[in-house]
1. Cα to Cα, under 22 Å, and not fewer than 8 places away if on the same chain: which lysines meet these conditions relative to Lys533?
2. Want the number for Ser217 to Asn462: 0.36 nm per residue separation, take away the alpha-carbon distance, what's left?
3. If you work out volume of the Cα convex hull per residue in Å³ from the coordinates, which of (i) 181; (ii) 228; (iii) 307 do you get?
4. Let me check I've understood the local charge: for Phe108, count other residues with C-beta under 13 angstrom from its C-beta, Lys and Arg +1, Asp and Glu -1. What total comes out?
5. Where does segment 391-479 land on Rg/Rh, using Cα atoms and the Kirkwood Rh?
6. For segment 663-743, with only Lys/Arg (+1) and Asp/Glu (-1) charged at the beta-carbon, what is the dipole magnitude about the Cα centre, in debye rounded to 20?
7. Can you give the FRET efficiency to the nearest 0.05 for Glu62 and Lys835, using r as the Cβ-Cβ distance and R₀ = 56 Å?
8. With only Lys, Arg, Asp and Glu charged, each at its Cβ (+1 for the first two, -1 for the last two), find how big the charge dipole of the chain is about the Cα centre; round to the nearest 20 debye.
Amino acid sequence: MVFARSWLARMLLACLMLALPSVPASADPGRTEVSLAQGWRFHLGAVTGDATAPSFDDSGWERVAVPHTWNKVGNYGEARRPDANVTRGVGWYRLKFQAPQATTDKRFYLQFDAASIVSEVWLNGRKLGGHAGAFSRFRLDATAAIRRGGDNVLTVRVDNSKPEPGSATEFVVPISGDFFMYGGLYRPVALIVTGAAHVDLLDHGGPGIYGHVTSLSDASAGVAVLTRLRNEGASATNLTVRTLVADAQGREVARTERRVQVRPGALAESQADLAIASPHRWDGTADPYLYRATVEVIGAKGAVLDRVAQPLGLRTVAVDPNRGFILNGKPLKLHGVTRHQDRQDKGWALSNADHAEDMGLIREMGANSVRLSHYNHAEPFYDLADQDGMILWAELGLVNLASIPGKADTPPEMKASAEAQLVELIRQNYNHPSVAFWSIGNEITNWASKGITPSNAQPLMNALDALAHQEDKTRPTTIAVCCETLPGEKDDGRDRTSGTADTVGYNHYFGWYGAGGVESAARLGEVMLGLHKERPNQPVGVGEYGAGSAVTQHTDNVHGGRVESIARPQPEEYEAAVHEVAWKSMASFDFLWGTYVWQMFDATSDLRFEGDSTDINTKGLVTFDRKTRKDAFYFYKAAWTTAPMIYLTSRRYVDRAYPVVDVRAYSNAAKASLTLNGRAIGSVACADHICTWPGVRLDRGDNVLAASVEGASDRITWRYAGPDRALHIRAGTLTGATLADGTRYGSDDFFDGGTGITLNPYKYALYVMPKPEKGTRQVLGTQTPDLYASWRSGARFSYALPLPNGRYKVTLHLFDPVETVAGKRVFTVTAGGGKPVTIDPVAKAGAGMTATTLDLPAMVTDGTLRLDFAGKVGEALVSAIDVVAY
């Protein structure tokens, strides 16, 4: 509850800050920063006339506040929202504002925390410059164009066009990605006023001061602070650079001063070396203690001309191929999540409260690390990570490709874009102790592995790795890799990027993409162990793993059929099961430097039409609107937190298809108890954080389930309104169906053996096909095609159906999806211990792909009706099962 209160207080404070009118964000001696948030006008598309001219009439343009994006993408529903805006192109912004009165020695800079993707800026009709890259801060010198103390007109043209040949964004990375590139001034804009001599404001958007730990022991810490200075005055100036360090209570613990002379129009550097006695370490979530480093630039007469303050955390980071990530000399398992910077209805235009809510959810789940996928995120999130002790994997926005499509070698313009954005990423976030890794890219050979384009990525990646180490010698680099040869596979010569950085994180989705069901998620651990053995000197981690889900789609048994990983449906229970298996497969590996769930929140991708959504990647542990924590969220909360908790799963699957169910819960306790409508069901051991009460029979109507452990409890309500002496099962599928006559079929359940197969699975090649395409095969001879849309098949398989004792009629729905000639598939079915009945589905239906049924009598004497299927020629199969009492 202490954490909950602090998180709520932080959110309320952020909301109050947002409600204030635009006022100076800071007013340090020598420097003033004025927020330019309100009063903007916006127009999407081409304009008539010169929109950069101060006299241009923008009264007909839309009134907006910054941060702002014109795009609105992503919704829950199987059709794109009617108010969606997926326009990629040019947007215009204009702002009329009054500049502060200032003496002629003052300098003015416009600061843009981000503008997507390419931007150009004019002030009072004079072009100041521009920027290429969607994710980093940039500043422009506005001194010559501004009207001091008077009215000014600021015009910004932004362009988020797709990177097509000849476009302004053709070579601006990333030129591909499974996420939507929102357009606009989606982060804050400010006007900075400072003296002629100041800490450099044009240092790639960075703060101009850069501190790092040079030594660290219990007795003392050494800290080096580099200050970059700029003198825009007409003559040389003698400056004193005062560097101070204050502890968390604001008490000064170190100070040094150096004198520097800076020539007119020149840059200079000043290095300060400080010693801190009895240092208090920044130690991740256990103790995120922060100092503050402040640099003051003092003129010859003693006046403070400029002042810049930055966070300082005293800590060391390292990575070992056998011990994993090491913080302050001790191994720390990084339980991580990935995060995109968008949310429903807001896109990338997030508030401080939005960032705080995201961090609160991440902390609640027990994660201690975040991968900032796949680009530089907003500074408020870095600040929160510093304060909360979250270890960050900060990433360059280079995704899928090291070149433009169709070419293997990186064009010089694209290399320059990647290098510029990497320098911006590092300099802007250098002082955040939370940042432990600089990532030079994500899945760079993705397209090449699919045969879409050639690739020669290593020269670019080697250059970026060298540049990262040139910029920062204190942190390791990493790269996320998806598509290389796995251990035990023959090397087919495909391009690879593992080994181009200090560490590597592998992105693998076993149990989701490709063959196999939930159980194949266990391959993740096997593959990571194999990679560790193949490359004993390369620190390896898991950059991404997971599955998708829809909170409105459910299954009775996650093993019942094939999941539509690229389309619909995607039951919530399936995602949770993949995480259960994947996490168990690798949780004990000390050599993994980090593991990162993909992803913390559902996120925008206009390439996706899946689950119960459109334009959303559904692999989040929390929904796009942050309103619903999915079941998988609570699995990790059970695995990663220690405060007593228990969570009953499948709570959104309220109206149950079957009267007998397995009740499951997640908990960090050793055992848990369950009651149903006040009746004790019993206590069970919770293995691997999963507590299961098998075969619980529900009451007709409401069923209140209450689970408890020492110190925590949970309660949900399910309903059962179906028959007591009947079962209707769709075989081979994860989802049920209700027929026109009202008969409700549950998804495949109560089976042992066999494989679930879909008649018409979706096909979709991401980046190649416009959308998923479903097969068109039709089963003839039926008015109920839902009963023949899938099947279970195998040499032998069985069903154990929970039913009250008595006499029943069993109806099997059958068709042959492959054979067209009688005698090619023959199998037997045994019902309730009776005699085997032989069936040839083609012979009985008269043709292949034609429906038929088989009725069998059965007697139940022990509460279970057993159906046994055995192949004689080929495999046995069944597509649906009806069992009704006589």
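The values are calculated or read from the model by the stated rules, or taken from the named source; none is laboratory data. What you see is a predicted model; the values in this text were computed from it and never measured. Neighbour counts run over all protein chains shown; Cβ positions are idealised from the backbone, glycine included. Protein only, heavy atoms only, side chains kept; ligands, DNA and RNA dropped before computing areas. Shrake-Rupley method; radii C 1.70, N 1.55, O 1.52, S 1.80 Å.
1. Filter leaves Lys333, Lys490, Lys584.
2. On the way: separation 245, 0.36 × 245 = 88.20 nm, distance 3.40 nm.
84.8 nm is the gain from fully extending Ser217 to Asn462.
3. So the calculated entry is the one marked (i).
4. On the way: positive: Arg31, Lys106, Arg107, Arg126, Arg139, Arg147, Arg148; negative: Glu33, Asp105, Asp141, Glu232.
Neighbour charge sum, excluding Phe108 itself: +3.
5. On the way: Rg = 13.3 Å, Rh = 13.3 Å.
Here Rg/Rh amounts to 1.00.
6. Details: 9 positive and 7 negative charges, 29 e Å.
Charge dipole, segment 663-743, about its Cα centre: 140 debye, nearest 20.
7. Working: r = 77 Å, r/R0 = 1.37.
The calculated FRET efficiency here is 0.15.
8. Numbers: 92 positive and 96 negative charges, 147 e Å.
In total the dipole reaches around 700 debye.
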